[in-house]
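The values are calculated or read from the model by the stated rules, or taken from the named source; none is laboratory data. Every value quoted in this text rests on a predicted model; they were computed, and no experiment measured them. Every residue, glycine as well, gets a Cβ built from its backbone with ideal geometry; the counts of neighbours run over all protein chains shown.
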Amino acid sequence: MTTKTHEDALSPGDYEALANLRYALRKFTEFSNAEVSNLGLTPQQHQALLAIKGLPPEKR
């Protein structure tokens with residue numbers, strides 16, 4: 001196990017960027033869930049379909 005040094009610490013700008021990314025991901029997830037619900041799917045069904053579609057052809 002390594003010990004973090006001061007140089008490894010995140011800057012306030014890093015934390016702001018991470019917070020903005022997490023916010024954008026939450027907004028996208030909310031949007032995506034609403035859209036798939038309009039199509040009659042659950043978010044879990046949509047995630048399963050995406051996982052299957054993303055498989056290489058030889059693994060389908």
- Counted residues in the range 45-60 being loosely packed, with under 10 Cβ neighbours inside 10 Å and of a type in the set (S, T, N, Q) come to 0
- Query: List the pairs whose first member sits in the range 44-60 and is within 22 Å of residue 34 (Cα to Cα), whose second member is in a helix (DSSP H, G or I), and whose Cβ atoms are under 7 Å apart, counting only residues at least 6 apart or on separate chains?
  - Reply: 46/36
- Task: Kindly list the number of the only condition in (1) assigned to a loop (DSSP other than H, G, I, E, B); (2) at pLDDT 95 or above that fails for residue 29.
- Result: (1)
